[in-house]
Amino acid sequence: MTERRSAPEFPPALSLGDSLPVRREAQGPAPRSQRAPGRRTGPAKLFAFLGGLALVLLFALRGDGSYDLVVRQEYGLVIWWVIAVGVGIGLLPRARLAAPTRLLLGALLLYALWTALSLTWTESSERTFTELARALDYLGVALLLGLVLERRTWRSAAAGLGAGALTVCLLALASRLVPSAFPIDWAARTFRADRLDYPFGYWNAVGAWAAMSAGLALAWSAHESSRVTRALSLGLLPVACLVAYLTYSRAAVAAVALALVLVLAMSRNRGTALIHAAVAAAGTGLAILAVRGAPQIANATGTAGAGRVVGALLFAAALGAAAAVLTALRRTDEWRLPRRIGRPVGAVAAVVVILAAGIYGPHLASRAWHSFKNTGVTNAGAHTTSRLTNLSGTRYNLWSVALHGFTAHPSAGVGAGSYQFLWNRRQADTESVRNAHSLWLENMAELGIPGLVLVLVLSGSALGVAIVARRRSNRRVTAGASTALLCVFAVYLLSASVDWMWQSTAVTVLALAGVAVVGSRMSGPRQTWRWPIRVAIAGLALVAALVQIPGLISTLEIGRSQTAQRSGHRAQALAWANDAVAVEPWAASAYEQRAMVQESDGRLNPAAADERQAAADEPTNYVHWLLLSRIQTERGRYAVALADYQRASRLGRLATVFKLRPIAGRF
């Protein structure tokens, strides 16, 4: 009787990929004559690499890391248009989306839909619409990568992401060493800060990026088959670590430590990774000593000592490159600790950690909590390295206000993007903030329990995609790339837990792109979607593209109106303000700008009407009531002006402007 053979787990064209036994890779790649037939992969892999590189650089190097609404929504418009056309004509998808990837995309879509629903109760329709566009932008990035990439090309795209991330780190460091070659850092000048913030305009975002890049570099250096790639990755690792140090960010230091632990825990080549980490730590230490020996570099006051820092980095890079080549020659990838030794050592280490935590943990936790509750604002310009030794700051106040907002509105929150108005009403210090500096607490305050659940599902599904991909990776290089991208998203979650990384577009794009790329490692053979599915996806893409347009055009028109107003061209300023109102009639900022133009032109009645409309659109924004009070004063309606002023002071009780009290009898 003929024996029945079970179907192979993967199609024949993929049988020499990730399903190869571990012993096979020690023999090197199969001869070309023995490889399964299929399409040429060279151009596709090159395209994937360049696409990953371009994605990172485009989002990172424009508009403060695409934080600027115009830049972000321009990219979102292009991405959704490409998806609509590609799906509509049947060019996409290139492969069948894996189940974990579909779960991630579904979570992103549900989060965007709940954000859209909050338009019915939000304190600011304009800001909620902006958050809706942001969520759709992130969904578009993940969906486009899922549709374009496949099993043959995902690792090339991952290499592009890593190359782009490390390139940004090099540029960030260069901005400190050669500041004249870069745009003026207005944020640093305004706050008199010595903290590295290029190219995102925010040092903690740069620190998070550097930590993510460090994890990428370490994992890549320990697993890549090419010695050149290993050497480059390990050679650039001290650059990423030094960038994290120069941000003087406590979260960045913790994130670098997490990246190190994750790579060592998830790596297939733990011995190699440990050696590389030790060498990189030594090189980074030398670079930090060089920075501390060059006060102008450390304090961002000049360039004296830049050569010394570059020399230290070159030495660290050479040391890392030599170590990477040496570990490859010594075949440290094959080093394994026998179980009879590893298990007792692990048990002893666990006992030591538990005992240390029991003895010293309570005291350290008490000191940390006391430092955390010390909410004095650290002087950004005075020896900010001291920040690394304490937990004081303003997070306690920010998170307390977010929790209060959640307890007051647990079912729905105050509306996406409206945390600033909640803060203005209950702030405990004079700091002006827009975000709660925590992904979880901000969603609790703005979107209630459903928002928290959805963002937890979103984060969990993204982390799950990376974990599943890592667990299914048998080959060394595949395991390394999966580990690198898993590390990137885990570091992102840590950073987003204590800061507004969700709003730092480039940082979030790097994290979600990494997950989408590694999810493509599990994709199946290409399938042709039936026309109902194509119509549905193309329709979603068109709607998402349309969502980008109102805010994009309105913001541009408001900027033009403000420029014309400053130049004294009031007629043109009014025309552009009218355009902004017409394209986004729910935007309070458009009515406010038109009110300012008309006020400067002496047209007080229409100015008051526009400012009242702005206040109606954002009733808890004290700025609108304060401006309305000024216009009413100019109209001679003093009692109304006083009432508006008092309302504004209640909504922004600690705002600096209210330290100047109105003169008695003026109203």
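The values are calculated or read from the model by the stated rules, or taken from the named source; none is laboratory data. None of the values given here were measured: they were computed from a predicted structure. Cβ coordinates were reconstructed from backbone atoms using ideal geometry, including for glycine residues, and neighbour counts include every protein chain displayed. Just the protein is used for accessible areas: all its heavy atoms, side chains included, with ligands, DNA and RNA removed. Shrake-Rupley method; radii C 1.70, N 1.55, O 1.52, S 1.80 Å.
Below are the figures for this structure:
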{"quantity": "Residue pairs meeting the criteria (Cβ under 6 Å; at least 6 apart or on separate chains; first in contact (Cβ under 8 Å) with a residue 60 or more places away in the chain and assigned to a helix (DSSP H, G or I), in the stretch 617-637; second of a type in the set (Gly, Ala, Ser) and open to solvent by less than 30 Å² (accessible area, probe 1.4 Å))", "calculated": "ASP617/ALA588; TYR622/ALA648; TYR622/GLY652"}
{"quantity": "Among (1) free of Cβ contacts under 8 Å to residues at least 60 places away in the same chain; (2) surrounded by fewer than 16 Cβ atoms within 10 Å (Cβ to Cβ); (3) over 28 Å from ALA445 (Cα atoms), the one test that GLY90 misses", "calculated": "(1)"}
{"quantity": "Tally, over the stretch 560-591, of residues that are part of a helix (DSSP H, G or I) and in contact with a Pro (Cβ under 8 Å, 6 or more places away or on another chain)", "calculated": "1"}
{"quantity": "Criterion (touching a Leu at 6+ places or on another chain (Cβ under 8 Å), in contact (Cβ under 8 Å) with a residue 12 or more places away in the chain and not in a loop (DSSP other than H, G, I, E, B)) met by exactly one of VAL507, VAL468, VAL517", "calculated": "VAL517"}
{"quantity": "The lone exception for VAL597 - which of (1) aliphatic (A, V, I, L, M); (2) open to solvent by less than 40 Å² (accessible area, probe 1.4 Å); (3) in contact with a Pro (Cβ under 6 Å, 6 or more places away or on another chain) it fails", "calculated": "(3)"}
{"quantity": "Residue satisfying condition, being under 24 Å from VAL488 (Cα atoms) and at pLDDT 95 or above, within set VAL310, VAL291, VAL243", "calculated": "VAL243"}
{"quantity": "Hey, GLU150 open to solvent by 10 Å² or more (accessible area, probe 1.4 Å), among the charged types (D, E, K, R), more than 21 Å from ASN435 (Cβ to Cβ) and more than 21 Å from the chain's Cα centre (by Cα) or not", "calculated": "yes"}
{"quantity": "Exclusive hit being assigned to a helix (DSSP H, G or I) and either farther than 26 Å from LEU144 by Cα or under 24 Å from the mean Cα position of the chain (by Cα) (or both), set ALA536, ALA545", "calculated": "ALA545"}
{"quantity": "Tally of residues being more than 24 Å from the chain's Cα centre (by Cα), part of a loop (DSSP other than H, G, I, E, B) and within 21 Å of LEU132 (Cβ to Cβ) across the stretch 400-438", "calculated": "3"}
{"quantity": "Test result for PHE200, without any contact (Cβ under 8 Å) to a residue 24 or more places away in the chain and over 20 Å from PHE49 (Cα atoms)", "calculated": "no"}
{"quantity": "The stretch 423-442: number of residues that are without any contact (Cβ under 8 Å) to a residue 40 or more places away in the chain and either among the aliphatic types (A, V, I, L, M) or open to solvent by less than 10 Å² (accessible area, probe 1.4 Å) (or both)", "calculated": "2"}
